[in-house]
């Protein structure tokens, strides 16, 4: 009997398509470090700081940042490169974060996990260090 198993090959949006030389590390949990070789891969390249951007601040992005912190990485999340998926009753235009879910998750993040900044602030800091 022929083996019908075939690996899953991810399809990426062209704007985030990894280069041929970049690793693609599949995950099966919210935390990208849990059950993957991500920690090993990053440490082989002497990476000690992760700049995080992603879709849901309250799901995979949050849990992967916690995993990074548990593996002794310095973690910086780009606030303007995330989505908090506010509920209708948590949206607040008076809140500087735009809603209470985002406000709470960012404060938990800044208290227990790492730093936050914006992509503009990061680029300015990088240009000043150059």
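Picking from residues in region 92-116 that are under 16 Å from residue 56 (Cα atoms) and part of a strand (DSSP E or B), the one that is farthest from the chain's Cα centre (by Cα) is 99. The residue list 117, 90, 64 contains one member that is touching a helix residue (DSSP H, G or I) at 6+ places or on another chain (Cβ under 9 Å), farther than 21 Å from residue 22 by Cβ, modelled with pLDDT of 90 or more and surrounded by 13 or more Cβ atoms within 10 Å (Cβ to Cβ), which is 117.
A quick yes/no check of all residues on (1) under 30 Å from residue 104 (Cα atoms); (2) within 14 Å of the chain's Cα centre (by Cα):
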site	(1), (2)
6	no, no
18	no, no
23	no, no
32	yes, yes
35	yes, no
43	no, no
47	yes, no
65	yes, yes
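The values are calculated or read from the model by the stated rules, or taken from the named source; none is laboratory data. Please read these numbers as outputs of a predicted model, since none were measured by experiment. Positions of Cβ are generated from backbone atoms using ideal geometry, with glycine treated the same way; all protein chains shown enter the neighbour counts.
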